[in-house]
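Heads up: the structure comes next, in structure tokens.
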Amino acid sequence: MSGAPLHEIRSSRFLPFAIERVVNAITSRGPGYEPTPIGAAFDTQTVSGYYIDFRSKTVSKIAADTERILPVALMQLALGWWERSVAGEPGGLDEFLKVCGSIESRALRVGEELRWPAHVSVPKYGLKPPWCSALTQGQAASVFARAHLATGEERYAELAHRAVSPLLRDCSSDLVSQTAFGPILEEAPGAPASHILNGWISGLWGLWDVHLGLGGKRAAEAFQAGVECLRVHLDAYDTGWWSRYSLYPHALEDLAKPIYHRYHVDQLDVLHRLTGCDDLKEVAVRWAGYDRSPMRELAIAQKAAFAVAETGRRRRWEARFEAQRSG
């Protein structure tokens with residue numbers, strides 16, 4: 001039988017899908033990149049609607065498998081159903097509480113803490129499974145604070161406190177990097193630290209919800225310290241024409257994809273409304289101004305170059321990781 005070897009045929013068949021996946025990631029298309037605007041029903045005085053509208057997550061292709069999706073996707077699915085409930089949709093609250101049950105069942109109890117470890121590797125930040133995330137912890141706390149609000153059940157308040165507990169450390173840990181200016185909440189813990197901006201802010205929102213909705217004094221103090229630290233560090237995320245996704249020391253800058261750049265703008269807008277810090281609004285307005293031609297196209301081109309460079313690095317990292325596991 002003539003023709004290319006089987007592995008080459010398989011590779012050639014896979015190539016279009018691999019290219020499509022990279023293109024979708026760069027341009028933020030497909031499952032996982034659903035639109036997430038600022039929440040229409042959040043309140044600065046009470047725990048009400050969530051700060052970001054995750055309703056699109058409830059109709060995503062990955063929403064049906066609550067046993068297999070990543071923990072952070074599960075939290076956002078719950079918050080999406082909460083938003084539908086707040087909007088008055090029949091059955092929205094039932095679906096929200098159903099997902100709350102899935103979140104609780106998947107929690108790992110570590111002393112007084114609840115954690116939701118991710119069992120995937122993330123070569124981009126050198127993460128080996130299992131690892132936990134301040135983003136996941138903060139959104140879990142936000143979910144359970146709202147479940148307590150809706151039902152009055154104290155166990156949900158306890159779950160929220162236990163979810164946010166790892167973010168209250170006074171010393172550096174996997175989820176908190178203590179700096180000279182205060183604590184940074186880590187979405188992707190590792191060494192060197194990544195300091196992912198959107199995960200940091202979402203973690204802060206979890207602290208805010210436990211403070212505002214449940215009277216958590218330590219959460220209030222951690223939130224205030226985290227905001228002050230963020231205000232000091234924001235310049236590091238500003239290239240002068242686009243925002244950085246993280247501060248991880250990659251060979252090429254870790255710029256935000258356009259969808260995350262807009263997410264940064266929305267997050268800073270929300271954080272300004274919660275805190276009244278005008279400098280946060282000023283940064284949000286400036287970054288919103290970056291989102292136009294030719295800066296947007298330049299950011300996409302840079303992300304394409306980053307993806308090419310990262311593919312080679314990822315393969316080398318995965319090869320070392322597999323060798324360590326098998327050896």
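Kindly indicate the residue of the range 62-92 that is of a type in the set (D, E, K, R) and modelled with pLDDT of 95 or more and also nearest to GLN137 (Cα to Cα) among those meeting that condition.
GLU83
On the phi > 0 side of the Ramachandran plot and touching a Gly at 6+ places or on another chain (Cβ under 6 Å): which single residue out of GLY126, GLY91 fits that description?
GLY126
Hey, could you check the range 266-292 for residues that are small (Gly, Ala, Ser) and surrounded by fewer than 19 Cβ atoms within 10 Å (Cβ to Cβ) and say which is nearest to LEU230 (Cα to Cα)?
We begin by selecting, within the range 266-292, every residue small (Gly, Ala, Ser); these are 276, 284, 288-289.
After this cut, where a residue has to be surrounded by fewer than 19 Cβ atoms within 10 Å (Cβ to Cβ) as well, the list is 276, 288-289.
Working: GLY276: 14, ALA288: 18, GLY289: 21 Å.
Per the stated criteria, the residue is GLY276.
Just for the range 309-327: of the residues that are hydrophobic (A, V, I, L, M, F, W, C) and surrounded by 11 or more Cβ atoms within 10 Å (Cβ to Cβ), which one is nearest to LEU197 (Cα to Cα)? Before the answer, list the steps.
Taking the range 309-327 as the starting set, the residues that turn out to be hydrophobic (A, V, I, L, M, F, W, C) are 309, 317, 319, 321, 323.
Filter once more, so that each one left must be surrounded by 11 or more Cβ atoms within 10 Å (Cβ to Cβ): 309, 317, 321.
On the way: ALA309: 22, TRP317: 24, PHE321: 27 Å.
The residue in question is ALA309.
From the residues in the range 287-327 that are at pLDDT 75 or above and not in a helix (DSSP H, G or I), which one is nearest to HIS264 (Cα to Cα)?
Filtering first and then ranking leaves ASP291.
Please go through the range 163-192 and give me each residue that is of a type in the set (Asp, Glu) and either crowded, with 24+ Cβ neighbours inside 10 Å or within 13 Å of SER133 (Cβ to Cβ) (or both), ordered by number.
Within the range 163-192, the first condition is being of a type in the set (Asp, Glu), and the residues that meet it are 170, 174, 186-187.
Of everything in the range 163-192, those that are of a type in the set (Asp, Glu) and either crowded, with 24+ Cβ neighbours inside 10 Å or within 13 Å of SER133 (Cβ to Cβ) (or both) turn out to be ASP174, GLU186, GLU187.
What do you reckon, is GLU95 touching a residue at least 12 places away in the same chain (Cβ under 8 Å), crowded, with 17+ Cβ neighbours inside 10 Å and more than 24 Å from ASN198 (Cα to Cα)?
Details: touching a residue at least 12 places away in the same chain (Cβ under 8 Å): yes; crowded, with 17+ Cβ neighbours inside 10 Å: yes; more than 24 Å from ASN198 (Cα to Cα): yes.
For GLU95, the condition - touching a residue at least 12 places away in the same chain (Cβ under 8 Å), crowded, with 17+ Cβ neighbours inside 10 Å and more than 24 Å from ASN198 (Cα to Cα) - is met.
Inside the range 137-175, can you point out the residues that are of a type in the set (Ser, Thr, Tyr), out of contact with any helix residue (DSSP H, G or I) (no Cβ under 6 Å at 6 or more places or on another chain) and either over 27 Å from CYS229 (Cα atoms) or assigned to a helix (DSSP H, G or I) (or both)?
Step one: filter the range 137-175 for residues of a type in the set (Ser, Thr, Tyr), giving 142, 151, 156, 165, 172-173.
Remaining after also requiring out of contact with any helix residue (DSSP H, G or I) (no Cβ under 6 Å at 6 or more places or on another chain): 151, 165, 172-173.
Scanning the range 137-175 gives THR151, SER165.
Only one of these conditions is not met by GLY126: (1) among the small types (Gly, Ala, Ser); (2) crowded, with 20+ Cβ neighbours inside 10 Å; (3) under 30 Å from ARG320 (Cβ atoms); (4) modelled with pLDDT under 95. Which number is it?
(2)
The values are calculated or read from the model by the stated rules, or taken from the named source; none is laboratory data. Everything quoted here is computed from the prediction, not taken from an experiment. Methodologically, a virtual Cβ is constructed for each residue, glycine included, from the backbone with ideal geometry; neighbour enumeration extends over all protein chains shown.
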